Amino acid sequence: IILRSLGSYYASLGENREAERLHRQARSLLPATADVSLRATIECSHALQTALLGNVETAKADIERWATHRDVEPQVAVQCDMYLAHIAQTYNDPQAALLHAQSAERRLLAAPYAPPTLKASLHGDLGFGFAMNDRISEADRHYDAAIQMYRELNLGETAPVVSILNNWALVSIRAGDYRHALRQLDEVIRIATSRGTG
């Protein structure tokens, strides 16, 4: 778990090679008797990093296998589906980005419990998927829901919020709503400045 957390940290910095190495190490240390959901969590995280380094088809197949595994906890399957959406976003596949985000949403609705941050993150992915398919009003609705949920969790000035606001601003520019885009970008600047990253 520690290695996976470190890998996720490096991934958030864009250090994909180091992230992949740490996830691969975490994967190699899993005992054969490891809980299936823990194995799926680590395997899907590692596969995402390998996809970002260019090994896309193998990574997608690995993630899909875990996302559809009948013994994997629903919230873990949701996260795996979201990784598939991230791969599609990265490689500019609008249809797959939306389909995987919607698949994650269906799994989430069927789950007995899901962390609130996972729900908020999924709204961001749905917004991105709809935006990639030029379904702007639906993108706006999900981006707004994501921001509201993060704020309710007192996470309104975190990196995921900055990313969502930035993506939302780009969608607004594409839609010709420059005032809305400026409001979102002003908020990005305010958060970055308050966090000392501006």
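The values are calculated or read from the model by the stated rules, or taken from the named source; none is laboratory data. Only a predicted model underlies this, so the values are computations on that prediction, with no experimental measurement involved. Methodologically, a virtual Cβ is constructed for each residue, glycine included, from the backbone with ideal geometry; neighbour enumeration extends over all protein chains shown. Note: areas computed on protein heavy atoms with side chains; ligands, DNA, RNA excluded. Shrake-Rupley method; radii C 1.70, N 1.55, O 1.52, S 1.80 Å.
Below, the figures for the structure above:
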read-out	value
Extreme residue, nearest to ARG24 (Cα to Cα), among residues of region 37-46 that are open to solvent by less than 10 Å² (accessible area, probe 1.4 Å) and under 14 Å from the mean Cα position of the chain (by Cα)	SER45
Residue match in region 90-103 (condition: touching a helix residue (DSSP H, G or I) at 6+ places or on another chain (Cβ under 9 Å), open to solvent by 70 Å² or more (accessible area, probe 1.4 Å) and β-branched (Val, Ile, Thr))	yes
Subset of region 109-137 (residues that are open to solvent by less than 40 Å² (accessible area, probe 1.4 Å), small (Gly, Ala, Ser) and more than 14 Å from the chain's Cα centre (by Cα))	ALA111, ALA114, ALA131
Cross-chain or 6+ apart pairs with Cβ under 6 Å, region 63-89 first and under 16 Å from GLY129 (Cβ atoms), then open to solvent by 50 Å² or more (accessible area, probe 1.4 Å) and modelled with pLDDT of 95 or more	GLN89/PHE128
Residues that are assigned to a helix (DSSP H, G or I), open to solvent by less than 50 Å² (accessible area, probe 1.4 Å) and under 18 Å from LEU122 (Cβ atoms), drawn from region 62-73	ILE63, TRP66, ALA67
Options GLU138, GLU105: the member that is assigned to a helix (DSSP H, G or I), modelled with pLDDT of 95 or more, touching a Phe, Trp or Tyr at 6+ places or on another chain (Cβ under 6 Å) and of a type in the set (Asp, Glu)	GLU138
Filtered residues of region 1-38 (kept if modelled with pLDDT under 70, farther than 21 Å from LEU53 by Cβ and assigned to a helix (DSSP H, G or I))	ILE2
So ASP125, is it assigned to a helix (DSSP H, G or I), acidic (Asp, Glu) and closer than 25 Å to PRO74 by Cα	yes
Where ASP144 falls short, out of the listed (1) part of a helix (DSSP H, G or I); (2) open to solvent by 40 Å² or more (accessible area, probe 1.4 Å); (3) modelled with pLDDT under 95	(3)
Inter-residue pairs, beta-carbon under 6 Å, first within 15 Å of ARG151 (Cβ to Cβ) and in region 178-195, second open to solvent by 30 Å² or more (accessible area, probe 1.4 Å) and in a loop (DSSP other than H, G, I, E, B), 6+ apart	ILE191/GLU157
Single unsatisfied condition, ARG106 versus (1) open to solvent by 30 Å² or more (accessible area, probe 1.4 Å); (2) touching a residue at least 24 places away in the same chain (Cβ under 8 Å)	(2)
Sole exception among (1) within 22 Å of PRO115 (Cβ to Cβ); (2) touching an Asp or Glu at 6+ places or on another chain (Cβ under 7 Å); (3) among the basic types (Lys, Arg) for ARG195, by number	(1)
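To keep it simple, each residue is scored yes or no on (1) among the acidic types (Asp, Glu); (2) open to solvent by less than 70 Å² (accessible area, probe 1.4 Å); (3) touching a Ser or Thr at 6+ places or on another chain (Cβ under 8 Å).
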residue: ALA159; (1), (2), (3): no, yes, yes
residue: ASN167; (1), (2), (3): no, yes, no
residue: SER172; (1), (2), (3): no, yes, no
residue: ALA175; (1), (2), (3): no, yes, no
residue: TYR178; (1), (2), (3): no, no, yes
residue: ARG183; (1), (2), (3): no, no, no
residue: GLU187; (1), (2), (3): yes, yes, no
residue: ALA192; (1), (2), (3): no, yes, no
